[in-house]
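Q: The structure's right below; bear with me while I get my questions together.
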Amino acid sequence: MFPLGGLAGFPFTGKTGWGAFSSHCPNDGNIVILIAPHVGIDHTGCIGKVTREGQDHATSACGAAIGALGALEADPEAGNFKNGYLDHQMDCIKHLLAPHVESINSKDEKMAALAYKMYELQLEYLENILHMNWCGPNSKLAILGGIMINCDGDGTDAFVPLKFEIRTKDSTTDIYKKSFGHDVVAPHLESKDPSA
């Protein structure tokens, strides 16, 4: 396992991290990537909050996404990397989220819309760092994307799949419907394939 991710699940190791990781793949080896921002739903049905183990009250989830949205609502200039390198990951989230604040706030369920937007942004980020130079003739890259739903209580978390594909150096095969038995159901996505 090689964690590419950082705050809010963005693959913040970037091109260098992907290059280092993929260069260690065995000849004709395969790589599986799971990309999934998370959102909480507490026992009252409140989206954007979850009661974590050992705590007696619900807190925000994803805290980084909700915090970034709140900062941008309070100050539209918050996405301009005001902290330099001292809070780079959070500043990057604010920067990427800034153009979408109005759209997110126009939705009936803002926290659900935020989770889907985070997925789209993370997938776009991932696509911008990926390359297939590591592939041997028989290598495959599997990308599974979706949203993790953290709920109160043991064994209650869920995963909403939004993308599942297999890539080789020469082709991409969408195996979502074959794997899950239906097309993607995602009312908050701006497109069915945000990587397109």
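The values are calculated or read from the model by the stated rules, or taken from the named source; none is laboratory data. Everything quoted here is computed from the prediction, not taken from an experiment. Here the Cβ is made from the backbone with ideal geometry for all residues, glycine too, and neighbour counts use every protein chain on show. With ligands, DNA and RNA removed, areas are computed over all heavy atoms of the protein, side chains included. Shrake-Rupley method; radii C 1.70, N 1.55, O 1.52, S 1.80 Å.
Q: Give the residue from 150, 74, 31 lying farthest towards the positive end of the charge dipole for the chain; charges sit on Cβ (+1 for Lys and Arg, -1 for Asp and Glu) and the dipole is referred to the Cα centre.
A: 31
Q: Compute the distance in nm between two label points, each set 7 Å from the Cα along the Cα-to-Cβ direction, one at residue 124 and one at residue 27.
A: 4.0 nm
Q: Could I ask something else about it? For the pairs 94/177; 107/140; 94/163; 82/163; 15/82; 49/163, note any where the Cα-Cα span goes beyond 31 Å.
A: The answer is 94/177; 107/140; 82/163.
Q: What base-10 log of the normalised intensity I(q)/I(0) is obtained for the stretch 43-152 from the Debye formula, alpha carbons as equal point scatterers, at q = 0.10, 0.12, 0.15 Å⁻¹?
A: So the normalised log intensities work out to -0.39, -0.54, -0.77.
Q: Would you calculate, for the chain, the mean residue ellipticity at 222 nm contributed by helices, counting each DSSP H stretch of 4 or more residues as -39,500 (n - 2.57) and dividing by all residues, to the nearest 500? Spell out each step's value before the answer.
A: Working: 6 runs with 62 residues, N = 196.
Rounded to the nearest 500, it is -9500 deg cm²/dmol.
Q: Under a 1.4 Å probe, what is the accessible area of the chain per residue, stated in Å²? Could the numbers behind the result be given before it?
A: Details: 10560 Å² over 196 residues.
Per-residue value: 54 Å².
Q: Can you tell me the convex hull volume per residue for the stretch 1-95, based on C-alpha atoms, in Å³ to the nearest whole number?
A: Hull volume normalised by residue count: 140 Å³.
Q: I would also like to ask the following. Express the carbon and sulfur contribution to the solvent-accessible surface of the chain as a percent, rounded to the nearest whole number, probe 1.4 angstrom.
A: About 53 percent, which is the carbon plus sulfur part of the accessible surface.
Q: Moving on. Which value, in debye to the nearest 20, gives the size of the charge dipole of the chain about its Cα centre, when Lys and Arg are +1 and Asp and Glu are -1 at the Cβ?
A: 540 debye
Q: So if we plug the beta-carbon distance of residue 59 and residue 80 into 1/(1 + (r/R0)^6) with R0 = 30 Å, what FRET efficiency do we get, rounded to 0.05? Show your work: numbers first, answer last.
A: Values: r = 28 Å, r/R0 = 0.92.
For R0 = 30 Å, the calculated efficiency reads 0.65.
Q: I would also like to ask the following. Compute the Kirkwood hydrodynamic radius of the chain, taking the inverse of the mean of 1/r over all pairs of distinct Cα atoms, and give it in Å to one decimal. Please report the intermediate quantities before stating the final value.
A: Numbers: mean 1/r = 0.0558 Å⁻¹.
This gives a value of 17.9 Å.
Q: Using mean Cβ contacts within 10 Å as the protection proxy, how do 34-43, 73-82 order, highest first? The partial results should precede the final answer.
A: Details: 34-43: 20.6, 73-82: 13.4.
Most protected by this proxy first, the peptides run 34-43, 73-82.
Q: Using the basic label-point model (7 angstrom from Cα toward the beta carbon), what is the residue 2 to residue 15 distance in nanometres?
A: 1.7 nm
Q: Here's something else I'd like to know. Based only on the alpha carbon positions, what is the Kirkwood hydrodynamic radius of the stretch 109-191, in angstrom?
A: Values: mean 1/r = 0.0686 Å⁻¹.
Taking every pair of different Cα atoms in the stretch 109-191, averaging 1/r and inverting gives 14.6 Å.
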